[in-house]
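Here's the structure we're looking at; comments come further down.
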Amino acid sequence: MKTFSPIAAAILLAVSGSAFAANNTANLTQVGVGNNATADQTGPTTNDNTINQVQLGFFNNAYAEQDGETSSLINQTQVGVANNAFSLQTGGLLNSATILQAGAVNNATTVQLASGLSSASITQVGFANSALVLQAVSLLSSASITQAGLGNTATAVQALSLLNSSNINQQGIANNADSFQAGILQTSDMTQVGIANDADTRQIGLFNDADILQVGFANEADVSQLGAANSGTTAQFGFLNDSYIGQVGIGLTATTTQIGGANNVLVGQIGLGDTATSLQVGFGNNGLILQ
């Protein structure tokens, strides 16, 4: 009895799985040695989507899947060696995901679940950088991660998100940044230049704004916000500085600036309309503000 070859079996599986998929487009370009790419648009109710994949180099790996998705776009471009890109869009519409990797052993992941009109973007230039963007039940939101250097890591998560924006920019070595947003019309911006800096923003609520700038070595910054119309801003220039801003309430404002080394400040605000400002210049200063 004649049996299907592996290729014929794969074609049969694809045809059967795509019985309710229509008008999708997949474009693949590979130049180099040992590159691997997969574009999967076979799920039911997967319609009018596009996947573009370009690989130039050696042993790069790219995977893109659209499942139950409508009118969405995935772009993956890899130039270099042994980079890895993964993108998933499922249960949503009119979303876009873009991964651009130039270098070696970079890892990028975008996941968009039950989202609409949202965008996820990762750009990596260098070696062994890692980035994740996760959007779940996200509408009209955007998340962007840009990494240039060596061994930087970043995560941007938007859940139950409407009109939120998250931007992470890293230049240097072994920097880490994490952003979490749940709510409406919130913004998070983090920029790191240097080595081994760590930054975190957490936002739950409405109209909150968090900004972190780090230039130097091994600085630590955290902005956490629960409520509405709060603003938290941190700028650090130097090394081993530590700043924490925690806000629970409405209309709270906190600004911390550290220039030097081994400075420490904590700002805790609970209430309505309070304002706190901290400036530390020098070494080994410690500050505490509670409102």
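Structure values in brief
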quantity: Close pairs (9 angstrom Cβ cut-off, 6 or more residues apart or separate chains): within 17 Å of Gln214 (Cα to Cα) and free of Cβ contacts under 8 Å to residues at least 24 places away in the same chain in region 262-291, assigned to a loop (DSSP other than H, G, I, E, B) and among the hydrophobic types (A, V, I, L, M, F, W, C) anywhere; calculated: Ala262/Leu240; Phe283/Ala262
quantity: Residue list for region 74-102, filter: farther than 19 Å from Leu117 by Cα, among the aliphatic types (A, V, I, L, M) and part of a strand (DSSP E or B); calculated: Val79, Val81, Ala85, Leu100, Ala102
quantity: Filter result for Leu240 (surrounded by fewer than 16 Cβ atoms within 10 Å (Cβ to Cβ), under 27 Å from Asn175 (Cα atoms) and under 31 Å from the mean Cα position of the chain (by Cα)); calculated: no
quantity: Qualifying positions in region 247-273 - crowded, with 19+ Cβ neighbours inside 10 Å and not polar (S, T, N, Q); calculated: Gly249, Leu252, Ala254, Val265, Val267
quantity: Residue pairs meeting the criteria (Cβ under 7 Å; at least 6 apart or on separate chains; first within 9 Å of Ala82 (Cα to Cα) and crowded, with 22+ Cβ neighbours inside 10 Å, in region 94-109; second at pLDDT 95 or above and among the hydrophobic types (A, V, I, L, M, F, W, C)); calculated: Gly103/Val125; Gly103/Phe127; Asn106/Ala128
quantity: Residue tally, condition in contact with a Gly (Cβ under 6 Å, 6 or more places away or on another chain) and in a loop (DSSP other than H, G, I, E, B), over region 173-188; calculated: 1
quantity: From Gln170, Gln147, Gln135, residue being assigned to a strand (DSSP E or B), within 19 Å of Asn95 (Cα to Cα), among the polar types (S, T, N, Q) and modelled with pLDDT of 95 or more; calculated: Gln135
quantity: Whichever residue in region 225-271 is of a type outside the set (Gly, Ala, Ser) and outside any strand (DSSP E or B) and, among such residues, is nearest to Gln186 (Cα to Cα); calculated: Asn230
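The values are calculated or read from the model by the stated rules, or taken from the named source; none is laboratory data. Bear in mind that the values here come from a model prediction, so they are computed numbers and not experimental data. Here Cβ is always computed from backbone atoms with ideal geometry, including for glycine, and neighbour counts include all displayed protein chains.
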